[in-house]
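So the structure is just underneath, and the comments pick up after that.
Values in this text are rule-based calculations from the coordinates and carry no lab data. Computed from a predicted model, the values in this text were never measured in an experiment. Positions of Cβ are backbone-derived with ideal geometry, glycine not excepted, and every protein chain shown enters the neighbour counts.
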Amino acid sequence: MAKPRIATTSLAGCFGCHMSLLDIDERILQLAELVEFDRSPIDDVKRIAGRCNIGLIEGGCCNEENVAVLRHFREHCDVLVSVGDCATMGGVPAMRNLVPLSECLREAYLDGPTVHNPGKRLPDDPELPLLLNRVYCCHEVVAVDYHLPGCPPSADTLWAAVVALLQGTPVTLPYGLLKFD
Amino acid sequence: MSTDHARTVSQICATYGNDATRLLDICRQVQGTLGCVDDDSIDAIAATLELPRVEVESLVTFYSFLSKQKKGRVVIRLCNDIIDRLLGFDQVLAAFSEELGIEPGQTTADGITLETTACIGMSDQAPAALVNEVPVTELNSDRARLIVRELRRHMDPRRLVTKLGDGNNAHELVRSMVWNNIRRHSSAADDPSGATAGPRLILSPNTRPEAMRKALSISPAEVIRAIKTSRLRGRGGAGFPTGMKWEFTRAAPGTRKVVICNADEGEPGTFKDRVLLTERPDRIFAGMTIAGYAIGANEGILYLRAEYAYLVPYLEMVLRKRREAGLLGPDVLGKGKQCFDIRIQMGAGAYVCGEETALISSCEGRRGDPKNRPPFPAQRGYLGLPTCVNNVETLCAVTKIMEEGPASFCEHGNQQSSGTKLLSVSGDCLRPGIYEVEFGTRLSRVLELAGGEDAIAVQVGGPSGQMVGPDRFDHNICFDDLGTGGSVMLFGPRRNLLEVVHAFLEFFEHESCGYCTPCRVGIVQLRLVLERVMAGRGEPGDLDSMERIGKTMRQASRCGLGQTAANPVLSSLKNLRSVYEALVRPAELGRRRGFDLAAAVHLGEVLAGRQSTHT
C-alpha cells in the first residue's frame with residue numbers, strides 16, 4: 001500500500017508552526033517513514049503532485065495568493081487542518097483588521113517616521129500578490145476539518161494530531177496539549 | 001463653565017436634596033434645562049453629590065435620552081421599530097431629513113434635532129415619533145414636512161396637536177393625538193346582545209375605592225391568600241405567581257419595604273400599559289397600594305418610561321386626587337392600618353430597564369445595569385430593601401381581584417393561566433389595537449379579531465418572544481403555550497421575514513448593555529451570519545452555527561436581555577426553517593460561499609492600481 005501523503009504550507013503566518021513541527025526532533029525520522037511529503041516548505045515542492053490525505057495550513061489569508069493556495073489545498077486534501085492561531089483565528093496578522101487597509105499602507109510606506117520613500121509610491125510590483133481588505137482565518141475561506149490552537153501548537157500537539165489522523169483514530173488531545181498558560 | 005451654568009446645575013441638585021440616588025432625575029433635569037449634560041455639568045454634578053465622576057458620565061452615556069452633545073430646543077425622535085419600518089419609516093425619515101436639511105443625529109442651526117429611537121409604544125398608529133415629549137402618530141412623508149414647517153414657525157411641539165385622541169387622551173392635562181384603539185370582540189351593530197363581546201376585567205370600568213376598602217378590611221395575609229387563590233401570574237412576560245412574590249417580600253426581614261410598578265413597557269410592539277396608564281391609572285395605583293398593604297411597604301414607585309412623559313402631569317393629578325381622597329397618605333382610608341405614598345420615577349430611554357433588577361438600578365439613580373441574582377429583589381432590591389416589582393397590568397388585575405373576588409377572576413382562562421390578557425396587536429391587519437382576551441384563546445382567533453388572517457408569521461411576545469408560522473396559529477395564548485407580555489405583531493404575505501429577524505437583532509445590539517460576552521458578541525455574530533444568509537451566500541452549516549450561538553447566549557448570558565436576544569433567530573429557525581433553507585446552498589469544492597474574493601481584493605486592486613489575476 002502506498003504511504004499516506006501529507007502537504008503543508010504557510011500562508012499569512014511566521015513559519016513558527018512549521019518550526020514547531022520540526023521540534024518533534026528525532027520523531028521526524030519516524031514521520032518520514034510513515035508518510036510521503038508532498039508540497040511543503042520542508043521539501044520545497046511548489047505544487048501538490050497528487051491527492052493528499054492530510055493538509056496542514058499555517059497562517060490565515062492576507063492576500064489573494066493565500067486564498068488561491070488555500071483553495072488548491074482544499075481541492076487536493078482529504079482532511080484539512082488549520083494549525084495555530086493565525087490559521088484558526090487570524091492571529092497577529094489580523095491585528096491590522098482594526099485599521100483600514102489604506103491607512104495601514106500609508107503608515108507603513110508613506111507617513112511612518114522612519115519611512116524613506118521619495119517617490120511616494122505604494123508597493124505595486126506585479127510580482128506582489130494583492131492584499132485583501134482584511135485578514136481572514138482559514139475556515140472563513142474554505143471548509144476546514146480540524147483546528148489545532150496554539151501559538152504555535154507544541155510539537156507534541158502536532159505529533160499527537162498527525163499520528164491520530166494517520167492511524168484513523170479520533171483526534172482527542174489531552175488538556176495538557178491544549179493549554180497554554 | 002459660566003457661573004450661570006454652574007448655578008443652574010447646583011440648583012437642580014439641591015431640588016433633589018443633593019441625593020445621589022436621584023442622580024437620574026438630576027441628569028434628566030439638567031438635560032431638559034441645558035439641552036445636554038456636558039463635561040462641565042458632569043464635573044459639577046459629581047462635585048456636588050460627592051460621586052466619582054465616572055459614575056455620572058457612565059450614567060449619561062447609558063441612557064439614550066441623555067447626551068453629552070448639545071441637542072436642539074426641539075428633538076424629533078422617529079420610532080424605528082419593525083412595525084414602523086413596514087409602514088413607511090424610511091420615507092418619513094427621508095422627509096424629515098430633507099425638510100430639515102440634516103442627517104439623523106444632527107441638529108439644525110435653528111435648534112431642531114433629528115434622531116431615531118426604539119419602539120415608543122405607538123405601534124398601532126405607526127409610523128410615530130416623539131417631538132420632545134409630544135407623540136405624533138400616523139405619520140407620512142407629507143405630515144413630516146408639515147410638522148417641520150410648523151415647528152419652524154413656533155418651536156412649540158404641543159401646538160402640533162390639533163385633533164385630540166379618544167378617552168383621556170383628550171384630557172386637558174394630556175392633550176394628545178394618541179388613540180387608545182381599545183377593540184371590542186364584535187361591534188355593537190353585529191351583535192346587539194353583546195354576548196360575543198368578550199370578557200372585560202382589566203378594562204372594565206373602575207370603581208375607585210372599592211377594591212382598597214375590601215383589602216384593608218382583611219389582614220395582609222388574607223390579601224395574599226386571595227391573590228394566591230386567584231392564581232394570578234405576572235403579566236410582564238415571565239409569569240411568576242404574584243401571590244408568591246408578595247409572600248417572599250412580606251417574609252423578608254426589615255421594616256422598610258418598597259413596591260415598584262414596572263411601567264417601562266419597552267418590549268417593541270407593546271402598548272397596552274400606555275392605554276392602562278391613560279384610562280385606568282386609579283386601578284394601577286390601587287393595585288400598588290394593595291400590594292403595599294400586603295407586603296408591609298410604605299413606599300411605592302411608578303417607574304415610567306421616558307417615552308410616556310406626556311402622561312406625567314395627568315398621572316400626578318390622579319395621585320394628588322387620591323391623596324386628597326385619603327387613598328394615599330399617612331393613613332390610607334383613615335383606618336389606621338396603612339401609610340403609603342407613590343412617587344413617579346422617570347426612565348431615560350433604555351430597554352433593559354424593563355428587566356426588574358436593571359429597573360431597580362435605574363430607580364437608585366444608576367445606569368440600568370442588571371444585578372446578579374440571588375439575592376432576589378424580594379430579599380434585597382431597591383436600596384437594599386425588600387422590593388416587589390409588578391407589571392402595570394398585574395397590578396390592575398390585583399385591584400380587579402379585590403373588587404370582585406378571586407373566584408370570578410379564575411372563571412376566565414385556564415388552570416395554569418387564570419384571567420384575561422391584554423394584547424397589543426400591530427402590523428399587517430385591519431384593526432390594530434388593544435384586545436382583552438381570556439387566557440387560552442387561540443392565536444388564530446386573535447388574527448380573526450384583528451383582521452389579519454392572511455399573516456405568514458406572527459411575532460408573539462415581542463423580539464424576545466417567538467416567531468410562529470401558520471402551522472402554530474392553532475396554539476393558545478397562555479403561559480404554557482404562546483406566552484406573551486402582550487406584544488403580537490402580524491406579518492402579511494408580502495413581508496420578508498428575515499428582514500424582521502434582522503431588525504430585531506439590530507434592536508438587541510443597540511440595547512445590550514455590553515457587560516457580558518455571550519450577549520455583546522453573540523448578537524453581532526448572529527447578525528453577521530444572518531446577513532450572509534440574506535445575501536444568498538449562506539451554507540446549510542450556517543443555520544446550525546446560528547443555533548449554536550443562540551443556545552450559548554441563552555445559557556450563558558447574565559440577564560434576561562441576553563438570554564432572550566437570540567429568540568428571533570432560534571424561534572424562526574424552529575418554526576419557519578424553510579424561509580432560511582430556500583436561501584442556503586452547500587459549498588462547492590469546499591469553498592465557503594460567504595467568502596467573496598472579488599469583494600475582498602477590491603480595495604487592494606484600487607491601491608495597487610491593477611486587477612487581480614485570481615478573481
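Here the contact order of region B:497-581, divided by its residue count and restricted to Cα pairs under 8 Å and six or more residues apart, works out to 35 percent. Using the empirical formula 2.2 N^0.38 Å as the baseline, the Cα radius of gyration of region B:210-410 reaches a ratio of 0.93. Helical runs assigned H by DSSP (4 residues or longer) give the protein assembly as shown a calculated mean residue ellipticity at 222 nm of -11500 deg cm²/dmol, each run adding -39500 (n - 2.57) before division by the residue total. Which pairs break 31 Å Cα to Cα here: B:K257/B:K551; B:K245/B:K337; B:K214/B:K371? Over 31 Å Cα-Cα: B:K257/B:K551; B:K214/B:K371. Separation of region B:264-300 and region B:339-388, taken as the distance between their Cα centroids, equals 15 angstrom. A simple spin-label model places the labels of A:K3 and A:L166 0.8 nm from each other, with each point 7 Å out along Cα-to-Cβ.
Normalised size of the protein assembly as shown, defined as Cα radius of gyration per 2.2 N^0.38 Å with N residues, equals 1.13.
By the count of neighbouring beta-carbon atoms within 10 Å, fewest first, B:M346, A:M95 end up ordered A:M95, B:M346. Note on B:K337 and B:A94: with the Förster distance fixed at 45 Å, the Cβ-Cβ geometry gives a FRET efficiency of about 0.15. For chain A, the longest piece that avoids every one of the chymotrypsin sites (Phe, Trp or Tyr not before Pro) found in DSSP loops with at most 15 other C-beta atoms within 10 Å covers A:16-179. For B:A109 and B:H510, the difference between the fully extended length at 0.36 nm per residue and the C-alpha to C-alpha distance is 141.5 nm. Simple rule: put +1 on each Lys or Arg Cβ and -1 on each Asp or Glu Cβ in the protein assembly as shown, find the dipole, and look at B:G492, B:T21, B:L100; the Cα lying farthest toward the positive end is B:T21. Projecting the Cα atoms of B:A226, B:M212, B:V332 onto the dipole axis of region B:210-410, where Lys and Arg carry +1 and Asp and Glu carry -1 at the beta carbon, places B:A226 farthest toward the positive end. Put a dot 7 Å past the Cα of B:E138, heading toward its Cβ, do the same for A:E75, and the two dots end up 6.3 nm apart. Under the convention that each Lys and Arg Cβ holds +1 and each Asp and Glu Cβ holds -1, the size of the dipole of region B:75-194 around its Cα centre is about 300 debye. Between B:T21 and B:M317, the C-beta separation translates, for a Förster distance of 22 Å, into a calculated FRET efficiency of about 0.30. Gyration tensor analysis over the Cα atoms of chain B returns equivalent ellipsoid semi-axes of 39, 32, 25 Å (largest first, whole Å).
In a simple Cβ point-charge model (Lys, Arg +1; Asp, Glu -1; nothing else charged), chain B has a dipole of about 1120 debye relative to its Cα centre. Where the centre of each part is set by its Cα atoms, how far does region B:209-260 sit from region B:140-158, in angstrom? Taking the Cα centre of each part, region B:209-260 and region B:140-158 sit 47 Å apart.
DSSP finds beta bridges in region B:210-410, and of those with both partners inside it, around 10 percent are antiparallel. Applying 1/(1 + (r/R0)^6) with R0 = 41 Å to the Cβ-Cβ distance of B:R145 and B:V524, what FRET efficiency is obtained, to the nearest 0.05? Approximately 0.70, to the nearest 0.05. Residues whose amide H falls under 5 Å from that of A:L11, counting only those 5 or more places apart or on a different chain, are A:E58, A:G59, with hydrogens built in the peptide plane. The magnitude of the dipole of region B:99-152, with charges of +1 and -1 set on the Cβ of Lys/Arg and Asp/Glu and taken from the Cα centre, is near 120 debye.
Here the 3J(HN,Hα) profile of region B:597-613, calculated from phi with Karplus coefficients 6.51, -1.76 and 1.60 at θ = phi - 60°, is 4, 4, 5, 5, 9, 4, 5, x, 5, 4, 5, 8, x, 8, 7, 6, 9 Hz, Gly and Pro shown as x. By other beta-carbon atoms within 10 Å, ranking B:K421, B:K163, B:K245, B:K71 with the fewest at the front produces B:K163, B:K71, B:K245, B:K421.
The translational diffusion coefficient of region A:44-181, from Stokes-Einstein at 10 °C and 1.306 mPa s with a Kirkwood hydrodynamic radius over alpha carbon pairs, comes to 94 µm²/s. Find which of B:A294, B:A129, B:N168 sits farthest along the positive direction of the dipole of chain B, computed with +1 on the beta-carbon of Lys and Arg, -1 on that of Asp and Glu, about the Cα centre. Selected residue: B:A294. Relative to the dominant Cα principal axis of chain A, helix A:64-76 is inclined by about 20°. Full extension of the chain between B:D471 and B:E499 gives 8.0 nm of extra length, using 0.36 nm per residue less the Cα-Cα distance. Across chain B, C-alpha contacts under 8 Å between residues 6 or more apart give a mean separation that, scaled by the residue count, equals a relative contact order of 12 percent. Taking a ≥ b ≥ c as the square roots of the eigenvalues of the Cα gyration tensor of region B:214-293, is the shape rounded (a/c under 1.5), prolate (a/b larger than b/c) or oblate? Judged from the Cα gyration tensor, region B:214-293 comes out prolate (a/c at least 1.5, a/b above b/c). Residue exposure proxy: B:Y314, B:Y308, B:Y351, ordered by other Cβ atoms within 10 angstrom of their Cβ from fewest to most, comes out as B:Y314, B:Y308, B:Y351. Our summary gives chain A a relative contact order of 26 percent, counting only alpha carbon pairs under 8 angstrom and 6 or more residues apart. Given axes a ≥ b ≥ c from the Cα gyration tensor, I'd like to know whether region B:420-491 is rounded (a/c under 1.5), prolate (a/b larger than b/c) or oblate. Rounded.
Starting from the Cα gyration tensor of region B:3-62, take the square roots of the eigenvalues, sort them a ≥ b ≥ c, and report rounded, prolate or oblate (rounded when a/c is under 1.5, otherwise prolate if a/b is larger than b/c, else oblate). Taking the square roots of the gyration eigenvalues as a ≥ b ≥ c, region B:3-62 is rounded.
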